[in-house]
Amino acid sequence: MKFVIVILITAVISYLLGSINFSIIVVKLMTGRDIRDMGSKNAGLTNTLRCAGKTCALLTLIGDILKGVAAVWIARGLCHLVHAGGDTHYIGYIAGFFVVLGHVFPLYYEFKGGKGVLAGFSAFLAIDYKAALALLIIFIAVLCITRYVSLSSIISAAYSPLAALLFAWIVRGSSFGLSFLYFVLTLPITAMIIWRHMPNIERLRDESEPKFSFNRTVD
């Protein structure tokens, strides 16, 4: 029963934290505009950088990373508090899913949020920083080659379940069964992020997806 209680509390807290969209908050405070009415209308880091500039993007980056890390740490703290098992990685992935869910469908902003990439990465960073860094390397490599943020996000998200499994099994020495559990728990996060990128996938197919540039003019 205590496992169920911890999972339910984790889900609620993580969703509420995920619903805090720093892109919306920062852009509104610094420009007086709604990021969901600007550029691609996505309340995420890339659109913030393109439409509101580097300062807004940096503050968004910091805020979104902190909320994902906080959700995982709180979830782990709950596990330790009620002695709900010695391994707390499983609860981190549950927290990660609900952080992404909150970011994509924020309670505070009419359920219209971002695509969940940064929120998912921040949770991954708190769960297993080595796996997160491997995914970041994949993201950067694809971005440098293609200059498509969306494609970089999709490919790194697609590799995240495998990274969760391999880094737990090979690097940390967890059992294959436990490592496979992490693989399974990561799948919903991956699926949600890729699903949110379906419009980008369509634009990539017809070659209309904009490429990334730090020098893009701010709207």
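The values are calculated or read from the model by the stated rules, or taken from the named source; none is laboratory data. Quick caveat, the model's predicted, so the values are computed rather than measured. Every residue, glycine as well, gets a Cβ built from its backbone with ideal geometry; the counts of neighbours run over all protein chains shown. Side chains are part of the model used for accessible areas, which takes the heavy atoms of the whole protein and leaves out ligands, DNA and RNA. Shrake-Rupley method; radii C 1.70, N 1.55, O 1.52, S 1.80 Å.
Considering the conditions (1) closer than 24 Å to Gly173 by Cα; (2) in a loop (DSSP other than H, G, I, E, B); (3) free of Cβ contacts under 8 Å to residues at least 40 places away in the same chain, Asp87 is excluded by exactly one of them, (3). Residue pairs whose Cβ atoms lie under 7 Å apart, sitting 6 or more positions apart in sequence or on different chains, and linking a residue in the stretch 165-190 that is without any contact (Cβ under 8 Å) to a residue 60 or more places away in the chain to a partner that is open to solvent by less than 70 Å² (accessible area, probe 1.4 Å) and of a type in the set (Phe, Trp, Tyr), are Leu165/Tyr182; Leu165/Phe183.
Quick grid of which residues meet (1) among the hydrophobic types (A, V, I, L, M, F, W, C); (2) surrounded by 17 or more Cβ atoms within 10 Å (Cβ to Cβ):
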{"position": "Phe124", "(1), (2)": "yes, yes"}
{"position": "Lys130", "(1), (2)": "no, no"}
{"position": "Thr146", "(1), (2)": "no, no"}
{"position": "Ala163", "(1), (2)": "yes, yes"}
{"position": "Ile193", "(1), (2)": "yes, yes"}
{"position": "His197", "(1), (2)": "no, yes"}
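Please pick out the residue among Ala164, Ala168, Ala157 that is out of contact with any Phe, Trp or Tyr (no Cβ under 8 Å at 6 or more places or on another chain) and not in a loop (DSSP other than H, G, I, E, B). Even if it seems obvious, please write down each step before you answer.
Numbers: Ala164 fails: out of contact with any Phe, Trp or Tyr (no Cβ under 8 Å at 6 or more places or on another chain); Ala168 fails: out of contact with any Phe, Trp or Tyr (no Cβ under 8 Å at 6 or more places or on another chain).
Ala157 is the lone residue from the list that is out of contact with any Phe, Trp or Tyr (no Cβ under 8 Å at 6 or more places or on another chain) and not in a loop (DSSP other than H, G, I, E, B).
As a summary of the residue check, Ser150 satisfies the conditions (1) under 18 Å from the mean Cα position of the chain (by Cα); (2) not in a helix (DSSP H, G or I) except for the one numbered (2). Tallying residues that are closer than 20 Å to Arg196 by Cβ and not in a helix (DSSP H, G or I) within the stretch 1-27 yields 3. Of the residues screened, Tyr148 is not one that is at pLDDT 95 or above and within 22 Å of Trp195 (Cα to Cα). When the stretch 18-27 is filtered for residues that are more than 22 Å from Ser153 (Cα to Cα) and open to solvent by less than 40 Å² (accessible area, probe 1.4 Å), the ones remaining, listed by number, are Val26, Val27. Please enumerate the residues belonging to the stretch 95-122 that are open to solvent by less than 60 Å² (accessible area, probe 1.4 Å), among the aliphatic types (A, V, I, L, M) and at pLDDT below 95. Of everything in the stretch 95-122, those that are open to solvent by less than 60 Å² (accessible area, probe 1.4 Å), among the aliphatic types (A, V, I, L, M) and at pLDDT below 95 turn out to be Val104, Val117, Leu118, Ala119. Counting only residues that are farther than 16 Å from Ser150 by Cα and in contact with a helix residue (DSSP H, G or I) (Cβ under 7 Å, 6 or more places away or on another chain), the stretch 43-54 holds 2 of them.
Taken over the stretch 136-147, the residue count meeting the criterion of being part of a helix (DSSP H, G or I) and under 19 Å from Ile201 (Cβ atoms) is 6. Entry remark, the stretch 28-84: residues being out of contact with any Cys (no Cβ under 6 Å at 6 or more places or on another chain), within 24 Å of Ser152 (Cα to Cα) and not in a helix (DSSP H, G or I) number 6 in total. Within the stretch 198-209, residues that are over 17 Å from Ile155 (Cβ atoms) reach partners that are in a helix (DSSP H, G or I) and open to solvent by 70 Å² or more (accessible area, probe 1.4 Å) with beta carbons closer than 9 Å, at six or more positions or on different chains, in the pairs Ser208/Glu202. So is Ile189 in a helix (DSSP H, G or I) and within 12 Å of Ile154 (Cβ to Cβ) or not? Taking the combined requirement at face value, the residue does not satisfy it. Picking from residues in the stretch 30-51 that are open to solvent by less than 10 Å² (accessible area, probe 1.4 Å) and more than 18 Å from the chain's Cα centre (by Cα), the one that is farthest from Arg196 (Cα to Cα) is Cys51.
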